[in-house]
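Quick notes on the structure that follows.
The values are calculated or read from the model by the stated rules, or taken from the named source; none is laboratory data. What you are looking at is a predicted structure, and each value in this text was computed from that prediction instead of being measured. Virtual Cβ from ideal backbone geometry, glycine too; neighbours counted across all protein chains shown. Ligands, DNA and RNA are stripped out before the accessible areas are found, and what is left, the full protein with its side chains, is counted by its heavy atoms. Shrake-Rupley method; radii C 1.70, N 1.55, O 1.52, S 1.80 Å.
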Amino acid sequence: MTMMGEPGDDGRFGEFGGRFLPESLVPACLELEKAFRSAWGDQSFRDEYAALLRDYAGRPTPVTECKRLSEQLGVRVLLKREDLTHTGSHKINNVLGQALLTKRMGKQRMVAETGAGQHGVATATAAALFGLECVVYMGEVDVERQALNVFRMQLLGAEVRPVSSGSRTLKDAINEALRDWVATVETTHYCLGSVMGPHPYPWMVRELQRVVGEEAFRQCRELLDGADPDYVMACVGGGSNAAGTFAGFVDTDAKLIGVEAAGGAAISHGIPGVVHGSKSMLLQDEHGQVVEAHSISAGLDYPGIGPEHAFLSAIGRARYVEAGDDEVLAALQLLARTEGIIPALEPAHAIAWLAREAGTDELPAGSTVLVTMSGRGDKDAEQVMGLLGPNP
């Protein structure tokens, strides 16, 4: 297996990944792998996908130099602006590819899970564009804290089904989406939103997000006179924006940094285990039961991490750190007031670690840092206002 290339036998990244599924779902995953391999090797599919990214999603997104923030922190900060895509996050890159694949497979319906709502909005958007039926599963806790995105999904014609089991967050929404897929696989494609789940999802979603890193690599080379950033950073829940970003820089000397939520830091505090069809690092108790994650950010409120991230950590190619809720809120305000960019709570985790460590041995003064701004802050404005007050 090459670095961030195709996984090994049975979808493994080293010891991580694979397919741990009930027998009823194995044929669906095999069908999906075959369909994706065929599509990804078909130049007409790739051309149609690239045209959608360009003409509908608004790619390429720019790299923005943050001069005031850089001056304040003593490091050169560049942002890869996924917040400027149609729907406001990187999620659209993956979903447009999977929607095209759904049509190619002759299916009429997509189901999806969502935490922060951005993947749900992107899926509802693509379903409307292609005339597909769309059902989005969302934990009741997230339905409440992401009411705006629920309304957006419904406005786009999707049905949002609240999930009341377990912690009523992202993990439980995935469980329900998988159950739906088992029951309706003949007509339904499960549009999974991150680099997790059974093979081929971690590989497929990373390939559909690779455009982020490949664009950023070229843009940084141009901006930095042929050099690469010293550090490449992204927030990590399941980890699709980070995987897509890292794929563009994994063969350079750039240090890769993934920032998890302190209350859901699977690399820092987890142990190997199986969840949602693959083996990865997972928050568990001494009895092997999944420990609920906690994060101010609905998109990072997940007890595991994508298996390829677990592999990159195990071999030492990427490092995974964490940021807590209070410093994330402070980082959101810092970026807003220095650069006029209000980030989503998810990428604000990366800004928080950057602000904390800039000028230390962790992130020496004068370093150049690329941060993937995976989403914009509109969706979190009401939640943040409730925490900071109307006049922060």
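Below is a table of values for the structure above.
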read-out	value
Filter pass, LEU334 being out of contact with any Asp or Glu (no Cβ under 9 Å at 6 or more places or on another chain) and crowded, with 24+ Cβ neighbours inside 10 Å	no
Subset tally (residues that are open to solvent by 20 Å² or more (accessible area, probe 1.4 Å) and touching a residue at least 12 places away in the same chain (Cβ under 8 Å)) for the range 13-26	7
Matching residues in the range 296-351 - criterion: being within 15 Å of VAL371 (Cβ to Cβ) and of a type in the set (Val, Ile, Thr)	VAL321, VAL328, THR338, ILE341, ILE342, ILE351
Scan of the range 169-211 for residues that are in contact with a Pro (Cβ under 6 Å, 6 or more places away or on another chain), of a type outside the set (Phe, Trp, Tyr) and within 25 Å of ARG54 (Cβ to Cβ), ordered by number	VAL195
Residues (over 12 Å from CYS66 (Cβ atoms) and open to solvent by less than 40 Å² (accessible area, probe 1.4 Å)) located in the range 337-357	ALA344, LEU345, GLU346, PRO347, ALA348, HIS349, ALA350, ALA352, TRP353, GLU357
Residue pairs meeting the criteria (Cβ under 8 Å; at least 6 apart or on separate chains; first at positive phi and in a strand (DSSP E or B), in the range 248-259; second open to solvent by less than 10 Å² (accessible area, probe 1.4 Å) and at pLDDT 95 or above)	none
For GLY288: the one exception among (1) assigned to a loop (DSSP other than H, G, I, E, B); (2) crowded, with 24+ Cβ neighbours inside 10 Å	(2)
One residue from GLY375, GLY340 being without any contact (Cβ under 8 Å) to a residue 24 or more places away in the chain and not acidic (Asp, Glu)	GLY340
Scope the range 240-275; condition open to solvent by 20 Å² or more (accessible area, probe 1.4 Å) and in contact with a strand residue (DSSP E or B) (Cβ under 8 Å, 6 or more places away or on another chain); matching residues	LYS255, ALA262, ILE267, SER268, ILE271, PRO272, VAL274, VAL275
Subset of the range 201-217 that is in contact with an Asp or Glu (Cβ under 8 Å, 6 or more places away or on another chain) and farther than 18 Å from GLY18 by Cβ - its residue that is surrounded by the most Cβ atoms within 10 Å (Cβ to Cβ)	VAL212
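Conditions tested, residue by residue: (1) in contact with an Asp or Glu (Cβ under 8 Å, 6 or more places away or on another chain); (2) crowded, with 20+ Cβ neighbours inside 10 Å; (3) of a type in the set (Asp, Glu); (4) at positive phi.
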position: MET138; (1), (2), (3), (4): yes, yes, no, no
position: VAL150; (1), (2), (3), (4): no, yes, no, no
position: ARG168; (1), (2), (3), (4): yes, no, no, yes
position: LEU178; (1), (2), (3), (4): no, yes, no, no
